[in-house]
Amino acid sequence: MAEKLAIHGGTPVVSQANISSLGTGRISSGFAAPYDFDEQDIAAVTRVLQKANEDGSLTRGSEQNKFEKDFAALHDSKYGILVNSGTSAFNTIYGAINPDPGTEVICTPWTSAGSVVGGVFHGMVPVFADIDDTLCIDPEDVERKITSKTRVIIAVHMFGNACDMDKLQSIADKHNLFLVEDCSQATFSEYQGKVVGSMGDISGWSFSGKHMTGGGGGMITTNNIKLYERGFGYSDQALNRSDGPYRDYPYVHNFLAQNYKPNELTAAVLNVQLTKVHGYIENKIRDAKNIISGISDIPELTPQKVRPNDRHTYWNLSFALEKNAYNCSSEEFAKAVEGEGIPMSGPYIGTGTPGQGPLYNHPVFANLDAFGKSKYPFDYNRDRPVDYKLTKCPNGEDLMGRGIALSMRGSFTEENVGNIIESIRKVSSHFKK
Ligand SMILES: Cc1ncc(COP(=O)(O)O)c(C=O)c1O
């Protein structure tokens, strides 16, 4: 007889299981914490504050310059721009591209809105393409979605798994489009031996609750000097700065722009995190492989597909439940594992829950709720506004609707990994038909 689940009053696998939400990370007592700040991070913050007392500088200082240079170099890029969040990074990328209103950006609907809302602020219309078994955007559907208005394809490397960059690049080349990489969940993942963020025209990262964090922060890299100059200006009110591309301009606002500057505290923490992130990632990859192998005799749970020669860095470790194999939804499966003391969640961005799931279901797009009572930009230069209620991505709705995801930590112990395997096995045998 299957063991009684903790959610039904049984004994949890992790004793004293007490799942709570803490910021962006879910933790359970006795389990690895989402962050791993140590004396080095704390010393970096102290140093910045002491220096600010002496010279009054808290923005665009030596910490930011160092991080921009080092991070860009690690991505074979000449230029880097640090900003205050991932959403700001992508807003800046669209600002750098400076598209005409009414043009289109093709994106997966399974991502943070932060990947595309910057486009909407620039008058762009998101067009959502389906995903494949890698959970990344399907190049064939991207090609089907191209129109005369398409200007940008954005490749979101999902959960740490790389998009098919060769196929996306050849589509972008054929139609003369910008290829943007969203590496937020995939810092130092690789596509066929190439680090993500080094392949597109311009790439962005979020540093909030991802492989590395500066208590927020976002990053942009590119080799395109025009994109860099406009992007740098866009993130800083298009003003001249002594260390920026507009330094020889008069001190005026040169074009419509935002202030997305980070502070030196964020940059200093990121400089420390950059020395530790490879260790976190190695641990996550090792632990993810052990968890996958620890449940490999359960054919009803299929891990996210990874192409041979790609490096998935497992920001999240996800599985799809086989159709009709369990007496529960994937949401209920995840809740039961969580009850055992493991930080697991159900379908990504709530797929399957009305009004949630793929971005085209979210009110901002479903109701075209953007600029007052107008339908701008969704009706700009069109006979009628775009109707996202008609968007369908059947493969993604099916796959993501059956998904469960484990938030990986760089500091799982062997005992944690054993508990994860035991909990998933316990819940699987309880619900199996
Ligand atoms: C793929 C992706 N893009 C963009 C963002 C937006 O980043 P931020 O939350 O730092 O604004 C996130 C954050 O969750 C993300 O996962």
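The values are calculated or read from the model by the stated rules, or taken from the named source; none is laboratory data. Quick caveat, the model's predicted, so the values are computed rather than measured. So basically every Cβ, Gly included, is an ideal-geometry build from the backbone, and we count neighbours across all protein chains shown. The area values use the complete protein model at the heavy-atom level, side chains included, leaving out ligands, DNA and RNA. Shrake-Rupley method; radii C 1.70, N 1.55, O 1.52, S 1.80 Å.
Shown for the stretch 342-429: the carbon plus sulfur share of the solvent-accessible area, taken with all protein chains present and a 1.4 angstrom probe, equals 50%.
Spherically averaged projected area of the convex hull of Cα atoms, the stretch 40-272: 12.3 nm².
When all protein chains stay in place and ligands, DNA and RNA are ignored, the 1.4 Å accessible-area order of LYS51, LYS66, LYS145, largest first, is LYS66, LYS51, LYS145. Take the stretch 40-272 with all the other protein chains still there, run a 1.4 Å probe, and you get 36 Å² of accessible area per residue. With the alpha-carbon atoms of the stretch 289-386 aligned to their principal axes, the span from lowest to highest coordinate is 54, 35, 25 Å, starting with the largest.
Counting protein heavy atoms only, the stretch 40-272 has 48 percent of its accessible area on carbon and sulfur, 1.4 angstrom probe. Restricting to the chain, what percent of DSSP beta bridges are antiparallel, rounded to 5? The answer is about 65 percent antiparallel.
Taking the longest Cα principal axis of the chain as reference, the axis of helix 86-97 is set at about 40 degrees. Diffusion coefficient (Stokes-Einstein, Kirkwood radius over C-alpha pairs, 4 °C, 1.567 mPa s) for the stretch 145-293: 75 µm²/s, rounded to a whole number. For the chain, the relative contact order comes to 21 percent (Cα pairs under 8 Å, sequence separation of at least 6).
The long axis of helix 414-431 is offset from the longest Cα principal axis of the chain by roughly 60 degrees. Shape descriptor for the chain: Rg over Rh equals 0.98 (Cα atoms; Rh from the Kirkwood inverse mean 1/r). Ranked from largest to smallest solvent-accessible area, with a 1.4 Å probe on the protein heavy atoms, TYR35, TYR388, TYR79 come out as TYR35, TYR79, TYR388. Computed over the stretch 285-354, relative contact order equals 23 percent, with contacts defined as Cα pairs under 8 Å that lie 6+ residues apart.
The chymotrypsin sites (Phe, Trp or Tyr not before Pro) of the stretch 192-255 meeting both criteria, a DSSP state outside H, G, I, E and B (loop) and at most 16 other C-beta atoms within 10 angstrom of the site's C-beta, are TYR251, PHE255.
Unpaired Cys in the chain, meaning no second Cys C-beta under 4.7 Å: CYS107, CYS183, CYS328, CYS393.
Looking at the stretch 40-272, the DSSP beta bridges with both ends there are about 50 percent antiparallel. When both the stretch 108-141 and the stretch 189-265 are represented by their alpha-carbon centers, they are found 21 Å apart.
Over all distinct Cα-Cα pairs of the stretch 208-253, the Kirkwood formula returns a hydrodynamic radius of 12.1 Å. Taking amide H as placed 1.01 Å from N in the peptide plane, THR111 has its amide H under 5 Å from the amide H of LEU359, each at least 5 places away in sequence or on another chain.
In percent, rounded to a whole number, the relative contact order of the stretch 40-272 is 26, using alpha-carbon pairs under 8 Å and six or more apart. Across all Cα pairs in the stretch 225-359, the calculated P(r) in 10 Å bins from zero up to the longest distance comes to 10, 23, 21, 21, 16, 8, 1 percent per bin.
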